[in-house]
Structure formats: C-alpha cells, structure tokens
Amino acid sequence: MTTNRRTPSDNNDEPDALELLHAEHVELLEMFGKLCDADARHRRIAEKKLAIAACKALRQHSQIEWEFFYPALRAASGIQDDLLDAARIEHRTLDELVLELSHTDPRSSEYTSKIHALAMQIAHHFREEEAKLFPRARASGLNLSELGRRIGCRKAEREG
C-alpha cells in the first residue's frame, strides 16, 4: 500500500492526515497478521488478548475516519460520493465482523476463521482507500496538514 507523500518543499514536520491514516493501516495490518500467524499452542491466550487490542484499535481508527476523514472528503470538490459510500459500507462490514468476533468462543475453529475473514476485509478496505481515496484527497486541495493536526489531537485525547 502506498500513498502519495508530500513534496520536499513542505516545511511542516508533522504528518498529514494521509500519512497518519497510512501509519494506522500498517499498524493494524501487522496486528491482524500476527493474529493470523499465531500457532495453535498460543492461540487461545495470546490471540484473545491481541484480538481485543486489534479490534479496539480498528474501532478507534474507524471512528477517526468517520469523524474527520470522510466528512472532509465529502466536503471537498472532486471526491466521488460513490467511493465514500462504498468506504462507509466497508466500515460497517468490518464493525459487524468485530462484533461477531467478540461473541465467538476463542477456542472454536469459527473464531480463527472470523479473524482471517476480518484480516482479509481490512486489507481490502485499506488497499481501496489508499488506491482510490488518498490520491483524490491529495488532489482535492483539502488542507491535509490541518486535518492531520485535528486527527492527531483527537487520537491524543483518546490515549490521554
């Protein structure tokens, strides 16, 4: 997954919105990758703890996108509504899978299958966002540095 980076002439050392979201995408993919790779001996204990942390991080990431990123894109000219609608639907699907996972016994084979399904859906969603929405956001004239600052402040509030 790649995203267009800012040009070297940008003087701001703070990451912009797309860089922040990309970093979260990478972190979440790594977390879910570890879950998918967990061996059977450690799955019951480690997987449940990591799954809880990964699902919490995914929910927080989704909320940031719903609260800041998607509304900013919808307001920007040149961003197609159908792309944003599809992204929001994908988020709802991810939320449903997280909810199902939280109600599934970690000792069951269904639990592992749900983790793998969730990981695949996450990877698909992130690829779509970064390939289709990120370039349009960059080209839209949206102040991504300011949006990144707002996202960073919101994340700090949650962590504090």
The chain, Gaussian network, Cα under 10 Å: of 24, 47, 14, the residue fluctuating most is 14
Extend 7 Å from the Cα of residue 156 along its Cα-to-C-beta direction; within segment 49-78, residues with backbone N under 16 Å of that point are none
For the chain, the Debye formula with one identical point scatterer on each Cα and no solvent gives log10 I(q)/I(0) at q = 0.10, 0.14, 0.16, 0.19 Å⁻¹ as -0.39, -0.73, -0.91, -1.17
Expressed in nanometres to one decimal, the distance between label points 7 Å along Cα→Cβ at residue 103 and residue 136 is 3.3
At q = 0.15 1/Å the base-10 log of I(q)/I(0) from the Debye formula over the alpha-carbon atoms of segment 47-130 is -0.57
Along principal axes, largest first, the alpha-carbon spread of segment 81-160 in whole Å comes out as 48, 34, 16
Fewest-first ordering of 115, 89 by Cβ atoms within 10 Å yields 89, 115
Between residue 23 and residue 143, the two model label points (7 Å from Cα along the beta-carbon direction) sit apart by a distance in nm of 2.1
Set 49/114; 56/155; 49/155; 34/155, cut-off 19 Å on Cα-Cα distance; pairs above it are 49/155; 34/155
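No value in this document is a laboratory result; all are computed from the given coordinates. Please read all numbers here as calculations on a predicted model, not as lab measurements. Heads up, the Cβs are rebuilt from the backbone with ideal geometry, glycines too, and the neighbour counts pull from every protein chain shown.
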